[in-house]
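Single-structure report; data block below.
The values are calculated or read from the model by the stated rules, or taken from the named source; none is laboratory data. Please read these numbers as outputs of a predicted model, since none were measured by experiment. For neighbour counting, all protein chains shown are included, and Cβ atoms are generated from backbone atoms with ideal geometry for every residue, glycine included.
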Amino acid sequence: MANLAAWEPGHCRFRFRHPWQQYLKIGTLTRQCAYRVDALNSCLNSTVEASQAAKHITQSACMKLSSETGKALKELSVGMKKMRRSPSANAHIDLSKAAAQELKSLLGSAFWGDLNLLEVLPCATVASLLIDIATCAENIAEAVHELASLADFKSADGVVTSEKPPAEELPAKLQVTDVNDQSRPEHAVVVIS
């Protein structure tokens, strides 16, 4: 649809300068992320079971990573829909990067030495896919920020701006997020059970 939209007559404030190609780029990145989410779903619904010890090692890191990545993607989609910048998406992306780094260090640690490879493989696959999804979300965020600057999205306070706010200007409540917050059911959290 974005290919056809580029041929529309100019209207609104953009006329013929609307960045339709950036929408195509975001669509491609989103599709790639969806493929990884589908692969994750297949792994979670697999009949191969991981050991309880392996699940226990990775569960909290996987929950934190999936929660922050989901929140970031939701903020980015709402921002695109309303044509507004979302400073909280950057905070969630930063928290998902930290969670991905924590999960990578867990995967490389010596905890796995005592366990059988077949017991560890399902957890390691889920963790690897979650890290890959977080990387995709980061790429989507970069593309959405580029679109926001090209299309002059409004900032959260309603002023049109073309630069990202620094992280230190974010409200303090966005810096720390509770992974077990059940008051917001629209965010998906992957639980390895």
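Of a type outside the set (Val, Ile, Thr), in a helix (DSSP H, G or I), within 12 Å of the chain's Cα centre (by Cα) and at pLDDT 80 or above: does that describe ALA61? Steps first, answer last, please.
Values: of a type outside the set (Val, Ile, Thr): yes; in a helix (DSSP H, G or I): yes; within 12 Å of the chain's Cα centre (by Cα): no; at pLDDT 80 or above: yes.
Answer is no for this residue.
Would it be correct to say that ASN41 is surrounded by 15 or more Cβ atoms within 10 Å (Cβ to Cβ), within 18 Å of the chain's Cα centre (by Cα) and polar (S, T, N, Q)? Reasoning before the result, please.
Details: surrounded by 15 or more Cβ atoms within 10 Å (Cβ to Cβ): no; within 18 Å of the chain's Cα centre (by Cα): yes; polar (S, T, N, Q): yes.
No, not satisfied.
Looking at the structure I just gave you, is SER67 modelled with pLDDT under 90 and out of contact with any Ser or Thr (no Cβ under 7 Å at 6 or more places or on another chain)?
Details: modelled with pLDDT under 90: no; out of contact with any Ser or Thr (no Cβ under 7 Å at 6 or more places or on another chain): yes.
Against the criterion (modelled with pLDDT under 90 and out of contact with any Ser or Thr (no Cβ under 7 Å at 6 or more places or on another chain)), SER67 does not qualify.
Which of (1) at pLDDT below 85; (2) surrounded by 11 or more Cβ atoms within 10 Å (Cβ to Cβ); (3) closer than 29 Å to THR28 by Cα does GLU119 not meet, given it meets every other one?
For GLU119, the exception is condition (3).
Please go through (1) among the hydroxyl-bearing types (Ser, Thr, Tyr); (2) modelled with pLDDT under 85; (3) touching a helix residue (DSSP H, G or I) at 6+ places or on another chain (Cβ under 7 Å) for SER88 and return the number of the only condition it doesn't satisfy.
Result: SER88 passes all but (2).
Could you go through region 91-99 and let me know if any residue there is part of a helix (DSSP H, G or I), closer than 23 Å to LYS55 by Cα, at pLDDT 90 or above and in contact with a Leu (Cβ under 8 Å, 6 or more places away or on another chain). Steps first, answer last, please.
Just the residues of region 91-99 that are part of a helix (DSSP H, G or I), to begin with: 91-99.
Applying the additional criterion that residues be closer than 23 Å to LYS55 by Cα yields 95-99.
Now restrict to residues that are at pLDDT 90 or above: 95-99.
Next cut, in contact with a Leu (Cβ under 8 Å, 6 or more places away or on another chain) only: 96, 99.
Looking for residues that are part of a helix (DSSP H, G or I), closer than 23 Å to LYS55 by Cα, at pLDDT 90 or above and in contact with a Leu (Cβ under 8 Å, 6 or more places away or on another chain), one finds at least one in region 91-99, hence yes.
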